[in-house]
Amino acid sequence: MPAARLDTPLTPDQVKRATDDLISERDHLQSIPPGAPPNLAADTTGSTTPTPQNASLQTAVTPARSGAPKQ
């Protein structure tokens, strides 16, 4: 016999909430036009300002892309 489960199964309310979240995310992703920039797909708030995580990535990547000699 297998060992008893360590986790309890989801309640019907938790299953419904998870399902609704997945449906909402699917609908959002399907509304993004093909060929859209990747950062548009990640932005679910409609904000045009970069998130702190994205800002640090842009800061780290921008100097390397510039092609300017480092001083």
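The values are calculated or read from the model by the stated rules, or taken from the named source; none is laboratory data. Just so it is clear, the structure is predicted and the values come from calculations on it, not from any experiment. So basically every Cβ, Gly included, is an ideal-geometry build from the backbone, and we count neighbours across all protein chains shown.
Annotations for the structure displayed:
- In summary, residue 20 fulfils each of the numbered conditions (1) exposed (fewer than 10 other Cβ atoms within 10 Å of the Cβ); (2) at pLDDT 85 or above with the single exception of condition (1).
- Condition check for residue 43: modelled with pLDDT of 55 or more and under 21 Å from the mean Cα position of the chain (by Cα): no
- Any hit, region 61-68, residues being at pLDDT below 85 and under 22 Å from the mean Cα position of the chain (by Cα): yes
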